[in-house]
1. Which of (1) over 27 Å from L198 (Cβ atoms); (2) modelled with pLDDT of 95 or more is the odd one out, the single condition H53 does not satisfy?
2. Hey, does region 14-28 have a residue that's buried (at least 18 other Cβ atoms within 10 Å of the Cβ), touching a Gly at 6+ places or on another chain (Cβ under 8 Å), in contact (Cβ under 8 Å) with a residue 24 or more places away in the chain and within 18 Å of A128 (Cα to Cα)?
3. If the requirement is being within 16 Å of V245 (Cβ to Cβ) and more than 21 Å from the chain's Cα centre (by Cα), which of these qualifies: P212, P156, P175?
4. Across region 109-140, what is the number of residues that are of a type in the set (A, V, I, L, M, F, W, C), under 30 Å from T189 (Cβ atoms) and either open to solvent by less than 30 Å² (accessible area, probe 1.4 Å) or assigned to a loop (DSSP other than H, G, I, E, B) (or both)?
5. How many residues, within region 34-81, are under 30 Å from L139 (Cβ atoms), of a type in the set (K, R) and free of Cβ contacts under 8 Å to residues at least 12 places away in the same chain?
6. I'm trying to understand the selection: among the residues of region 27-68, which are under 17 Å from C112 (Cβ atoms), of a type in the set (D, E, K, R) and assigned to a loop (DSSP other than H, G, I, E, B)?
7. Of the residues S66, S71, only one is exposed (fewer than 14 other Cβ atoms within 10 Å of the Cβ) and small (G, A, S); which?
8. Of the residues G60, G106, G97, which is at positive phi, open to solvent by 60 Å² or more (accessible area, probe 1.4 Å) and of a type outside the set (K, R)?
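The values are calculated or read from the model by the stated rules, or taken from the named source; none is laboratory data. In this text the structure is predicted, and so the values were computed from the model without any measurement. Glycine gets a Cβ as well: all are built from the backbone with ideal geometry, and neighbour counts include every protein chain shown. In case anyone asks, the SASA skips ligands and DNA or RNA and just uses the protein heavy atoms, side chains included. Shrake-Rupley method; radii C 1.70, N 1.55, O 1.52, S 1.80 Å.
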Amino acid sequence: SGSTDFFDSRVRAPHSSVNFVTAHDGFTLTDLVSYCERRNWENGEENRDGHGHNLSVNFGVEGESSNEFISEFRMRSKRLLLANIVLSLGTPMLLGGDEIGHSQLGNNNAYCQDNAITWLNWGAVDEAFLQYTKQLISLRKQLTALSSCFWWKATPNGSGTVAQWFNPNGSAIAPSDWHDASARAFMLTVEEGSLCMLLFNGNNHSAEFTLPAGTWMRRLDTFTGNFAPETCVRTAILNPSSLCVFEAINSLDVNISQS
């Protein structure tokens, strides 16, 4: 929601919040889900340069893997991470090359490498992930509430965007829920003209969500990478570690209070 508690809303707009997962320092997006340890030996500093504490995961194999299950886990994570960047309120920042699957082979401090480690290989583009990135950006543009020029509000009060958080059962989020380490599934409704909904499942198992009364159209499922519209009423099942985006077919027919 753009870190509204950090910025003075009287002088700063949502675009002041820059959202990113990867940058020029650190792992690329592909390496973030492929390496747990830096591989900076070619930098000439005995692998001492670059940050040693990487908030990354390799899904059981360090580096490249031909295991199709590991590859699929990595791709799902990349789709999920990218969706969190693009669909958050504020300015999305993408590291050049992440959209085509660029890897620096685990080098997280490659500023000194003017070679294949840092060059973008346009002959080996991950076309499927590039297409996913394009569709994700297009979805953000279509759902205007996600790229609002105004900070989100918790309650309707005049004009502007209203954003409300709910538990999977449709009840409103209580302050204690944010401090419950076992609570890993939430629903966010955002309304500015049209009404859209983001469902988050951070569990390692499926989660069932009770949707607000009305008819919804699923616009994205990061687990499958599917953008094909699919109608859904009252109940949605989310796969593990996934994010889904829904749009109300007719926002006038939706009653959030009936969640």
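1. The single condition H53 does not satisfy is (2).
2. yes
3. Working: P156 fails: within 16 Å of V245 (Cβ to Cβ); P175 fails: within 16 Å of V245 (Cβ to Cβ).
Among P212, P156, P175, only P212 is within 16 Å of V245 (Cβ to Cβ) and more than 21 Å from the chain's Cα centre (by Cα).
4. Result for region 109-140: 3.
5. 0
6. The answer is R38, R39, E45, E46, R48, D49.
7. Values: S71 fails: exposed (fewer than 14 other Cβ atoms within 10 Å of the Cβ).
The conditions single out S66.
8. Numbers: G106 fails: open to solvent by 60 Å² or more (accessible area, probe 1.4 Å); G97 fails: open to solvent by 60 Å² or more (accessible area, probe 1.4 Å).
Sole residue among the options that is at positive phi, open to solvent by 60 Å² or more (accessible area, probe 1.4 Å) and of a type outside the set (K, R): G60.
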